[in-house]
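Contents: one structure, followed by commentary.
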Amino acid sequence: MDFLNILNGALGEIISPTTAAYGLAALGLAVHFGYTGLLNFGQAGFMAMGAYGFAISTLTFNAPFWVAVLVALVCSVVFAFLLGIPTLRLRADYLAIVTIAAAEIARYVVTTNRLTDVTGSAGGLNGFTNGFYALNPFPEGRYDLGFVALSHRDLWVRVTAWALVALCCVLVLLLMRSPWGRVLKGIREDENAVRSLGKNVYAYKMQALVIGGILGTLAGILFTLPRSSVQPANYGTELTFFLWTCLLLGGMATVLGPVLGAMIFWVVLSLTQGLLYGAIESGIITFITTTQAGQLRYIMVGIALMLLMIFRPQGVLGNKRELAFT
Amino acid sequence: MTDKTTAPATIDFMADTRPIAEGEAGPGCRKRDPILTVRHVTRRFGGINAVDVDFLEIPRHKITALIGPNGAGKTTLFNLLTGFDQPNSGEWTFDGHPLAGVASYKVARLGMVRTFQLTKVMGKLTVLENMRLGAADQPGERLSAALFKNLWGRREKEITAQAEVLLEKFKLDAKRNDYAASLSGGQRKLLEMARALMARPKLVMLDEPMAGVNPALTQSLLDHIKNLKAEGMTVLFVEHDMQVVRHIADWVVVMAEGKVVAEGPPADVMKDQAVIDAYLGAHHDVDLGDTEGLKELEAELAQDQASVVGTEDEGILGHHIAERDGRRDEAAGGTAGRKDQG
Ligand SMILES: Nc1ncnc2c1ncn2[C@@H]1O[C@H](COP(=O)(O)OP(=O)(O)O)[C@@H](O)[C@H]1O
Ligand SMILES: [Mg+2]
């Protein structure tokens with residue numbers, strides 16, 4: 001077993017664009033649930049809006065990069081309104097049901113064969129990232145970061161991803177420290193009390209839903225960039241639950257928590273994979289196959305989450321006092 | 001308590017003894033100067049008429065108590081009037097604005113702010129943040145301005161200053177940075193009331209503000225309610241304790257089974273046979289103004305000078321005031337005391 005290799009792989013996950021995408025989407029969930037109390041179980045749907053909105057406008061309509069991003073964001077806002085208008089006046093659980101259903105509907109729609117020309121059906125879409133890589137300022141070559149060596153394309157996508165995550169974190173932080181953020185937190189605690197103080201709760205919830213959704217959509221675009229492909233199977237409910245895992249790991253009403261949660265999530269997955277595969281290949285573990293080991297990794301993440309909930313229920317960065325009385 | 005926030009009232013609302021009703025007092029009587037007028041408001045839950053109010057006016061600049069046995073429909077009426085529940089029929093106007101069908105947050109913005117029987121504080125916000133949330137006109141609460149502190153920082157300072165003054169008044173200043181969830185039940189009632197005042201409402205509707213409050217805090221809560229009147233606000237509150245009602249209310253509305261069954265000044269209402277039947281029949285232990293109970297009340301009130309002077313209770317309890325006059329000083333005087341001198 002090559003421990004150094006396994007460790008390097010895990011370190012590489014920390015800065016991978018997928019981790020950044022998970023962190024950003026989980027930040028969206030923090031805006032929804034951690035700050036506003038909105039139960040969104042369809043964040044995968046918002047990510048799909050980003051991925052498909054971006055890919056389809058590039059491939060079908062030949063839209064330039066920035067226009068494609070804009071189209072994705074518009075899709076996201078429309079999606080948020082569709083979800084929010086009927087449910088945000090109702091109890092919190094209605095939004096949960098509608099979001100989980102809507103995300104699945106979106107996935108089934110893009111998978112239908114009739115739309116193959118546009119969505120690529122189950123096969124998904126490929127080759128729509130030229131516009132993005134054309135913006136790459138880094139000259140061709142290999143860049144050695146110590147634990148990983150990256151191509152100029154890999155470097156560009158990582159720099160973009162983390163710059164975007166940093167920007168979004170700062171914006172969310174500023175928003176949550178503003179009086180606007182205070183109203184959101186008030187709604188999370190007791191929306192009728194906030195209503196009785198003259199705030200239009202419905203409008204605030206809608207704004208929060210849109211903003212968290214936009215973060216999910218940006219994450220969806222980020223997620224596709226390193227792969228240069230969109231696969232509908234990637235946007236199932238389990239994606240949403242992985243994002244929730246990241247959120248819970250890091251801390252719900254925090255800005256850096258979701259990002260840290262995403263890092264922990266991917267590092268644990270990578271480490272367990274490396275160790276298990278290594279152990280199986282070197283014959284230390286004989287009673288499971290590598291396929292089973294792949295499943296076992298997620299069980300490990302589940303166990304990590306359980307341990308966390310037992311010993312640190314507020315998440316890594318969460319405030320214990322905020323959880324003490326519920 | 002200081003006079004800092006007491007608006008330099010041109011009218012002394014505490015000394016206004018003109019009659020409240022226009023003509024004879026009775027259920028559904030007209031008021032000389034109503035702030036809230038309710039017409040034919042009904043609300044049914046299944047088979048029962050939770051609220052069935054034909055006509056009711058709430059007098060401006062007065063403290064009105066809404067009493068009635070449990071299940072009389074007081075809370076439901078509050079919910080209807082403030083837009084938290086929709087009536088089956090009826091209309092009502094607040095300060096000239098028709099309010100039927102108006103969203104609850106708009107009702108609050110018009111200056112009609114309520115508290116809840118089951119206290120609603122934002123547990124995971126600090127006491128000070130709870131207070132700030134009550135303020136009106138904070139441009140930073142708009143998403144478009146939220147990122148630019150230069151647009152809302154100044155207003156935030158004003159709001160914070162206003163909150164500090166109120167917290168000091170309500171003896172919550174030591175708790176300002178604690179989470180509201182860590183407050184006792186009575187302190188939460190105080191916080192909810194103080195928070196409602198942040199928006200400087202015209203009409204404050206308090207649903208059982210004294211319920212569950214430590215008796216040691218009741219007296220200061222009563223003082224706060226009376227101070228609201230001194231500052232020009234109108235108060236409508238739900239209360240079960242007759243002594244409290246008699247002590248601070250200018251006017252009493254009695255509800256039973258959804259209807260207004262009696263109205264009038266406290267002393268009169270408590271003699272009303274309809275009230276005794278409807279409300280007090282079930283509460284033999286409640287004293288209805290016998291001399292024993294009155295003495296107890298006076299003994300209680302004697303502990304707190306500010307709460308007695310300058311109210312309309314003087315008629316009942318006034319003979320104590322003269323005795324205490326000499327001792328009354330700035331430190332203990334409070335708002336009511338100074339008004340009385342002025
Ligand atoms: N949401 C509701 N659903 C059904 N019945 C209700 C509801 N709210 C109140 N009621 C009924 O309406 C009546 C009035 O209740 P309420 O207004 O709470 O009385 P009060 O505040 O005077 O004690 C009671 O009989 C109560 O059971
Ligand atoms: Mg009630």
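The values are calculated or read from the model by the stated rules, or taken from the named source; none is laboratory data. Keep in mind it's a predicted model, so treat the numbers as computed, not measured. Cβ: placed from backbone, ideal geometry, glycine included. Neighbour counts: every protein chain shown.
Let's see how each residue does on (1) polar (S, T, N, Q); (2) closer than 30 Å to B:Arg246 by Cβ; (3) within 16 Å of ligand 2 (Cβ to nearest atom):
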site: B:Leu36; (1), (2), (3): no, yes, no
site: B:Phe55; (1), (2), (3): no, yes, no
site: B:Asn79; (1), (2), (3): yes, yes, yes
site: B:Asp95; (1), (2), (3): no, yes, no
site: B:Arg114; (1), (2), (3): no, yes, yes
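Given B:Lys202, B:Lys171, which one is among the basic types (Lys, Arg), touching a residue at least 24 places away in the same chain (Cβ under 8 Å), closer than 19 Å to B:Thr115 by Cα and not assigned by TED's automatic domain parsing to the domain that holds B:Gly232?
B:Lys171 is the lone residue from the list that is among the basic types (Lys, Arg), touching a residue at least 24 places away in the same chain (Cβ under 8 Å), closer than 19 Å to B:Thr115 by Cα and not assigned by TED's automatic domain parsing to the domain that holds B:Gly232.
Criterion first (more than 24 Å from A:Ser121 (Cβ to Cβ), surrounded by 24 or more Cβ atoms within 10 Å (Cβ to Cβ), among the hydrophobic types (A, V, I, L, M, F, W, C) and more than 9 Å from chain B (Cβ to nearest Cβ)) does A:Leu222 satisfy it?
Values: more than 24 Å from A:Ser121 (Cβ to Cβ): no; surrounded by 24 or more Cβ atoms within 10 Å (Cβ to Cβ): yes; among the hydrophobic types (A, V, I, L, M, F, W, C): yes; more than 9 Å from chain B (Cβ to nearest Cβ): yes.
Judged against the criteria, A:Leu222 is not a match.
Taking the stated definitions as given, is B:Val38 in a strand (DSSP E or B), touching a Ser or Thr at 6+ places or on another chain (Cβ under 8 Å) and either within 27 Å of B:Met210 (Cα to Cα) or within 14 Å of chain A (Cβ to nearest Cβ) (or both)?
Numbers: in a strand (DSSP E or B): yes; touching a Ser or Thr at 6+ places or on another chain (Cβ under 8 Å): no; either within 27 Å of B:Met210 (Cα to Cα) or within 14 Å of chain A (Cβ to nearest Cβ) (or both): yes.
Taking the combined requirement at face value, the residue does not satisfy it.
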Cβ pairs under 6 Å, 6+ apart or interchain, first in the range B:92-103 and farther than 12 Å from B:Arg39 by Cα, second among the β-branched types (Val, Ile, Thr), ordered by first then second residue, are B:Asp95/B:Ile35
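Residue-by-condition table, conditions (1) modelled with pLDDT of 95 or more; (2) facing chain A (nearest Cβ under 10 Å); (3) within 20 Å of B:Gly185 (Cβ to Cβ):
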position: B:Gly96; (1), (2), (3): no, no, no
position: B:Gly101; (1), (2), (3): no, no, no
position: B:Gln117; (1), (2), (3): no, no, yes
position: B:Lys124; (1), (2), (3): no, yes, yes
position: B:Asn130; (1), (2), (3): yes, yes, yes
position: B:Leu143; (1), (2), (3): yes, yes, no
position: B:Leu147; (1), (2), (3): yes, yes, no
position: B:Arg155; (1), (2), (3): yes, yes, no
Go through the residues of the range A:195-205 one by one and say whether even a single one is within 14 Å of another protein chain (Cβ to nearest Cβ), crowded, with 21+ Cβ neighbours inside 10 Å and touching a strand residue (DSSP E or B) at 6+ places or on another chain (Cβ under 6 Å).
yes
Pairs, please: C-beta under 8 Å, at least 6 apart or cross-chain, first residue farther than 15 Å from B:Ala262 by Cβ and more than 10 Å from chain A (Cβ to nearest Cβ) and in the range B:71-84, second part of a helix (DSSP H, G or I) and within 7 Å of ligand 1 (Cβ to nearest atom)?
none
Output for Cβ contacts, cut-off 9 Å, separation at least six or different chains, first residue in a loop (DSSP other than H, G, I, E, B) in the range A:302-326, second at pLDDT below 80 and charged (D, E, K, R), reads A:Arg312/A:Lys320; A:Pro313/A:Lys320; A:Gln314/A:Lys320; A:Gln314/A:Arg321; A:Gln314/A:Glu322
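Return the total of residues in the range B:42-64 being farther than 30 Å from B:Ala230 by Cβ and either within 14 Å of chain A (Cβ to nearest Cβ) or within 14 Å of ligand 1 (Cβ to nearest atom) (or both).
11
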For residues that are buried (at least 16 other Cβ atoms within 10 Å of the Cβ) and either outside the structural domain of B:Leu172 (by TED's automatic domain parsing) or over 14 Å from A:Gly181 (Cα atoms) (or both), tally how many sit in the range B:135-159.
4
Looking at (1) in contact with a helix residue (DSSP H, G or I) (Cβ under 9 Å, 6 or more places away or on another chain); (2) of a type outside the set (Ser, Thr, Tyr); (3) within 14 Å of chain A (Cβ to nearest Cβ); (4) within 13 Å of ligand 2 (Cβ to nearest atom), which is the one condition that is false for B:Ile67?
(3)
